[in-house]
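Single-structure report; data block below.
The values are calculated or read from the model by the stated rules, or taken from the named source; none is laboratory data. What you are looking at is a predicted structure, and each value in this text was computed from that prediction instead of being measured. In this analysis, Cβ positions are derived from the backbone assuming ideal geometry, glycine residues included, and neighbour counts consider all displayed protein chains. Calculation scope for accessible area: heavy atoms of the full protein, side chains included, ligands and nucleic acids excluded. Shrake-Rupley method; radii C 1.70, N 1.55, O 1.52, S 1.80 Å.
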Amino acid sequence: MSKRKLPTQKGLSRRAFLKTTGAAVSAGVVSGAAAELLNAQSTAKNKVAGPGEVPITLRVNGETHNLNVEPRVTLLDALRDRLDLTGAKKVCDRGTCGTCTVLVDGKAAYACSMLAIDAQGREILTIEGLAPEGELHPISAAFVENDAQQCGFCTPGFVMACKAYLDRNPNPTEAQAKKALGGNLCRCGTYIGVRAAVLDAAARMKGGR
Amino acid sequence: MHPEPPLIGQAVPRKEGRDKVTGRARYVDDLVFPGMMYGATVRSPVARGRIRAIHFDENIPWQEFTVVTAQDIPGENCVALILHDQPCLAAEIVNHPEEPVVLLGHPDKHLLEEARRAVRLETEPLPAVFTIEDSLAKKEIIWGEDNVFKSFLVEKGDVDSAWARAEIVVEGEYETGAQEQLYIEPNGMIAVANPDEGVTVWGSMQCPYYVHKALVPLFGLSKDKVRVIQAETGGGFGGKEEYPSMIAAHAALLAWKAGRPVKLIYDRAEDMAATTKRHPSRTRHRTGVTRDGKLVALEIDFVIDGGAYCTLSPVVLSRGTIHAAGPYECPNVRIRSRAVATNAPPHGAFRGFGAPQSVFALERHFDQVAKACGLAPDEFRRRNFVHAGGTLAVSQVIHENVDLPQLMERAFAESDYHAKRARFARENRDARVKKGIGFAAFLHGAGFTGSGEEYLASVVAVEATAEGRVRVLAASTEIGQGANTVFTQIAADTLGLDPELIDIAPPDTAAVPNSGPTVASRTTMIVGKLVESAALGLKQTLVSSGLPGERGGPEGRPCTSEEFQRACAEYIRKHGALRATCQYAPPPGIKWDDEKYQGDAYGAYAWAVYVAEVSVDTVTYEIRVDDFVAVQEVGKVIHPVLATGQIEGGVAQGIGYALYENVVWREGRMVNAQMTNYIMPTSADVPPIRVFFEENPYPFGPGGAKGIGELPMDGPAPAIVNAIEQATGASITRIPVTPEVLMEALEGVHA
C-alpha cells in the first residue's frame, strides 16, 4: 500500500476508511488507468486529469473510437451517449441488476461500474457486436426460441452474461445455469426460459452453429 | 417455416422478439431529439407541510436553467384520473415525501443533478399520519372529512342472525406490505410542447389515453392538440398505469416553457421512492362454520393504505373487496372495505390490483378455520368451493362450468402433495431444515369490474392496404406480456392469413382508437375479442365486394394471400379505404348494481390452485421455495409459451411478495429505494415453476380465451406461508416473511 493519500472526503483518508471498515487491502484495489492517474498526480504535481474532458480511445466491437470524455464518465454512459450503442441499459447504475452487462476482454462486466477511461486498451463487446447485422448469434436465437424474454429490457444484458458464461463453461448443467445468471435481474420472471435458453445455446454452439 | 392455421393455441414466434434480443428495440431513454435538454424534479423533503419558500443556491448558473413551478401550469394543476385531487406540482401544501414541487431543465445532465441538490424547500411541518390504524382513528384529518377515499359494503344473506347457527367461529387478522413493481426499465418521457403545435410525448407507459386525459386539462388544450406515443416499454406490472401521466406532464411543462424537447428519465432511487407501489393492507376475518366444516357466515373487514392522494385506490379497493371471499360459496357474507389516506406517496396499480392482499388473508385464514374444524385444509376447501350455478359473495351466479376440485386434484397429483405432506410431517421433527407444502385456491376476474367495460366502451380498428397487408389499430400496449403476438394470432386466424401479413400499429393517440388501458387482465379477453370482431367485419366487407365466396367467405376455407390482396386492391380502388371498427358491447345477461355492489362483477373468472413447497432453516431463518406447481383454468390458451411465461413471471413476483420484498418506511418515505437493499428474486431464488392449464373455452373471449395476467400474483404468497406453517408450526399472518419475521414467529412457537 502506497503512502499516497487519495482525495479525502470529509477529512477521511482512504487509509483511515479502510482501517475503520476493516476491508482487506491489496495492491489490486487501485488498478488500471485510475492507478496511472494517481501516479501522474503524485509525480507531476498539480497535473490532474479532469474535471474537463480528456481524450480517450476505446475498442468497441472491433472498432476504434477516439472520444473526449470527462474522467467521471462511465463506460455505460460513453457507450450509450457517445457511441449510440443503446443495447446496454442504465437501470440501477450501481452494479446490481446486470442490465448494462458487456464483455471486457471476454469477461462479463457491469458497464455502469467501470469508468470509460479505465476501459482503454481493452476489447469491449456489446450486444450490437455479438453478430453481424441481420444475423442472430446462437445465444440470441436460443433466447428468441425459448421466449427467454418478455419486456426485453434486461435481455441484452442477459445475453451478454450468458455469452461470457458459456465461453467459460460450455457444458453447464441446469443447476449451474440457474446459479450462473444470478447477477442479472429480470422482473418479468423469465428465469426459467433463460435457463432453457442457456442449455439450448450450449448445445447449438457445440454443434458448431 | 410458417405455422399452419389455426394459430390460436400455437406457440408462434414473439412479434418483437428479434428486436429485443439484439438490442435494436428503442426504449425512451434510447431516443435522442435534436436540441433536447434533460429534466429533473425537486421533491418534498417532508411528509406533510406548508411550503414557505423555495431557495436557489447562488453557486448554480440559474440563468441557464428552465425552472417550472405550479405557477407555470397553463391549465388545471392536477393529474386527472378518478378524482382530481393530486396536483401536478405542489403549490402551497405538500402531502407526502417526494411530492413534486419544482422542475428543472438543462442540457447538461451532471449540472442538472447538482442544481437539483441546490434547491432547498423551506417548509413548515404539519402533523402527519403513517399507518392504517392512525388514519382510521382520525389521529389527524389529512384528506377529506374522515381520511377515507372510498368504502364498500357487500352483503349477502343475513350475517348477524347466522352467527347463532355457527358451531365454530374463527377470527384472524392479516397484513400485507407494500411492494414495488420494479419494472426493469425506469420510468421516462420525452416531450415536445409549444402553444402553436400543442403537446406531444413519447415514453414508457401502459395507457396512452390515460396520459392523454391528464395532459388535456393541464394545458387547457383541445384533445386534438395533445398526442401521446408509447415507446418500447420495459415492463409495467401496473406501475406504468398512472404515474406516467405525472412524468409526461412534467416533461411537457418543461418543454412548453423552454421551447425545446425535454427528456425526463427517473433514476432507480427516484423511481422507487417517488412512484406508486402496491397498497399495504390489513384484513380482519370472522368466520362461522358448522362442526363438519360448512361455511355459515363470513365477515371481512378489509382496509388498504392509499397514500396521500386518491389516485386509483377506489378501484384497487373494489377488486380487493370482490376477491376477498374467494372462490367459495357462503350463504351469509358481509365485506366492509375502506381505502384510507396516509402521508406516503400514493399507492397504486400493481398486478392483482387489491386481490393479492385480500386473497392472502383469506387463504391463510381458511387454513386456520380448517384446523379449528379438525379438517385437512383441502377437505375444508372442497366442502365450500363454489360450483356452476352457485353464487359468490357479490351474489354473482356462476354460469361457467368451473371445477375447482378437479383443479385441486391435478395440482396435488403434479406436486405429490399428499405424500409429501405426510413425509414432511414425519421427517421434520428432528430436522434443522424443515420442509413444508401448502396451497391456495383462488379466482381472478378478467376485465374492468361491474359496468366498467361498458363505461370504457373500447374501440379497435383493423385496416388493410392495397398490397394486402393488415394493420391492427389499438391503444393497448405491448409491455412484454405478448399483446402484439396474441393480436396477430387472432387477426391472422380470423382472416385466414399468414401472420407475417399482420402489422400492429404503434400505440399513438393520433393514429389509433382508444381500446382502453392495458390493465386488469383485459387485453386478450376484451381487446382481443374486439380485434377478432373487427377482423371479421373486414372480411365480410371484402366478401360483399368480391372476395371469392367459396374460398374467402366467412364460413369458407381461408383465402390465399393473393386472393386477399386482389380483393383489398379492388375494394380500395372502388371505395378509397378499407377499415373495420368494433366497439365493446357487454355479453348478454350481464347485470351489475353499483349501489349494492351486487351482480356480475366480472364477465369471466380465471380459476386456480397453486402448490408451494418450501425449506425453512431453523437456525438461519432462511426460507427457500423448492418447487412450485400452478394449475389454472383460463379458458382457451391462445399462446401456450406466452401464457406459461405470464404464470411463471407472476409466480416469481409472488415469491418476492411473500418472502423478500420489504419496503422499509420512515415517516412516509421508502428508505431502501435501491435494487441493492430492496430484494427481488434472482434466478437463484426461483424454483422450477410447473405450469398446467385446464382449458374450458369462454364463449365471449377471442377463440375462447379469458384473462390471465394478474391471476398468478394472487396465489403464491398464501401457498408459501401455508407451507411455512406446515414446516414449522408457526402461524404467520403477515408478509413479507423476512428472516426477522420468521425468527419472531418461531421464538413464539418454541417459547
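Under the 0.36 nm per residue contour assumption, what length would be gained going from the current alpha-carbon distance of residue B:747 and residue B:409 to full extension? Present the calculation step by step, with values, prior to reporting the outcome.
Working: separation 338, 0.36 × 338 = 121.68 nm, distance 3.50 nm.
Extra length from residue B:747 to residue B:409 when fully extended: 118.2 nm.
For residue B:197 and residue B:430, a Förster radius of 56 Å and the Cβ-Cβ distance give a FRET efficiency of 0.15, rounded to the nearest 0.05. Entry note: region B:95-163 has Rg to Rh equal to 1.29, where both radii use alpha-carbon atoms and Rh is the Kirkwood radius. Excluding same-chain neighbours fewer than eight residues apart, the lysines reachable from residue B:574 by a Cα-Cα span under 25 Å are B:539.
Stretch residue B:591-residue B:161 to full length: gain in nm at 0.36 nm per residue minus the Cα-Cα span?
Working: separation 430, 0.36 × 430 = 154.80 nm, distance 2.81 nm.
So the chain would gain 152.0 nm between residue B:591 and residue B:161.
For the protein assembly as shown, the Kirkwood hydrodynamic radius comes to 29.5 Å, computed from all pairs of different C-alpha atoms. Taking all protein chains together and rolling a 1.4 Å probe, residue A:205 ends up with roughly 60 Å² accessible. Based on the alpha-carbon gyration tensor of region B:207-338 and its eigenvalue square roots a ≥ b ≥ c, which shape applies: rounded if a/c is under 1.5, prolate if not and a/b is larger than b/c, or oblate? Prolate shape, in that a/c is at least 1.5 and a/b is the bigger ratio.
Just counting partner chain Cβ atoms within 10 Å, what average do the residues of peptide A:81-93 show around their Cβ? Walk me through the intermediate numbers first.
Values: counts 2, 0, 0, 2, 2, 9, 7, 1, 8, 6, 11, 9, 6.
If you average over the peptide's residues, the count of other-chain Cβ atoms is 5.
What is the mean number of Cβ atoms from other protein chains located within 10 Å of the Cβ atom of each residue in peptide A:153-159, rounded to a whole number?
Details: counts 13, 5, 9, 6, 2, 2, 4.
Whole-number average of other-chain Cβ neighbours for A:153-159 is 6.
For chain B, the alpha-carbon coordinates run over 79, 73, 48 Å along the three principal axes, in decreasing order.
Counting other Cβ atoms within 10 Å, keep those with at most 16, restrict to DSSP loop, and tell me which GluC sites (Glu not before Pro) in region B:553-654 are left. Intermediate values should be presented prior to the final figure.
Details: sites: B:555, B:562, B:563, B:570, B:595, B:613, B:622, B:633, B:648; in loops: B:555, B:595, B:622.
In loop regions of region B:553-654 (DSSP not H, G, I, E or B), the sparsely surrounded GluC sites (Glu not before Pro) are B:555, B:595, B:622.
Give me the number: length gained by fully extending residue B:575 to residue B:171, i.e. 0.36 nm times residue separation minus the C-alpha to C-alpha distance, one decimal in nm. Kindly include the intermediate steps, with their values, before the conclusion.
On the way: separation 404, 0.36 × 404 = 145.44 nm, distance 6.85 nm.
Additional length available on full extension: 138.6 nm.
Annotation for residue B:467 and residue B:677: the two label points, set 7 Å from Cα along the Cα-Cβ direction, are 5.5 nm apart. Report the residues of region B:8-25 in range of a label on residue B:695: point 7 Å along Cα→C-beta, backbone N strictly under 20 Å from it. Flagged as within label range: B:8-14. More than 20 Å apart: what percent of Cα pairs in region B:376-480 qualify? For region B:376-480, the share of Cα pairs beyond 20 Å comes to 66 percent.
Could you tell me which GluC sites (Glu not before Pro) in region B:415-457 are loop residues by DSSP with no more than 15 other beta carbons within 10 angstrom of their beta carbon?
Values: sites: B:427, B:453, B:454; in loops: none.
Counting only loop positions with at most 15 other Cβ atoms within 10 Å, none of the GluC sites (Glu not before Pro) in region B:415-457 qualifies.
From the cross-link list B:371/B:435; B:294/B:435; A:107/A:178; A:90/B:263; B:156/B:294; A:178/B:240, which pairs have alpha carbons spaced over 21 Å apart? Each step should come with its number before you reach the end.
Values: B:371/B:435 19 Å; B:294/B:435 30 Å; A:107/A:178 19 Å; A:90/B:263 15 Å; B:156/B:294 16 Å; A:178/B:240 29 Å.
Check vs 21 Å cut-off fails for B:294/B:435; A:178/B:240.
Sort all Cα-Cα distances of region B:1-160 into consecutive 10 angstrom bins from zero, then give the percent of pairs in each bin up to the one containing the longest distance. Reading upward from the zero bin: 8, 22, 23, 17, 16, 10, 3. For residue B:708, no residue whose modelled amide H falls within less than 5 Å of its own remains once neighbours fewer than 5 places apart on the same chain are excluded. Residue order by solvent-accessible surface for B:110, B:279 is B:110, B:279, largest first, with ligands and nucleic acids left out and a 1.4 Å probe.
With the largest listed first and rounded to whole Å, the semi-axes of the equivalent ellipsoid of region A:54-129 from the Cα gyration tensor are 17, 14, 11.
With a 1.4 Å probe and all protein chains kept in place, how do A:84, A:77 rank by accessible area, largest first? Before the final figure, lay out each step's value.
Values: A:84 80, A:77 25 Å².
Highest to lowest solvent-accessible surface, that is A:84, A:77.
For a straight C-alpha distance cut-off of 16 angstrom, the aspartates and glutamates reachable from residue B:213 (same-chain residues fewer than eight places away being disregarded) are B:76, B:85, B:224, B:241, B:242, B:508.
In nm², what is the average projected area of the convex hull enclosing the Cα atoms of region A:138-205? If you can, show how the numbers build up before the last one.
On the way: hull surface 14.7 nm².
Computed as one quarter of the Cα hull surface, the answer is 3.7 nm².
As a ratio to 2.2 N^0.38 Å, the alpha-carbon radius of gyration for region B:631-700 is 1.51. Restriction of the GluC sites (Glu not before Pro) in region B:266-375 to DSSP coil positions whose beta-carbon has at most 14 other beta-carbons within 10 angstrom yields no sites.
In this label model, residue B:26 and residue A:66 are separated by 2.9 nm, measuring between points 7 Å along each Cα→Cβ vector. Taken over region B:116-205, the convex hull of the Cα atoms encloses 308 Å³ per residue. With coordinates expressed along the principal axes, the C-alpha atoms belonging to region B:54-147 extend over 48, 27, 19 Å, beginning with the largest. Figure note: B:420, A:179, B:213 ranked by solvent-accessible area, largest first, 1.4 Å probe, ligands and nucleic acids not counted: A:179, B:213, B:420.
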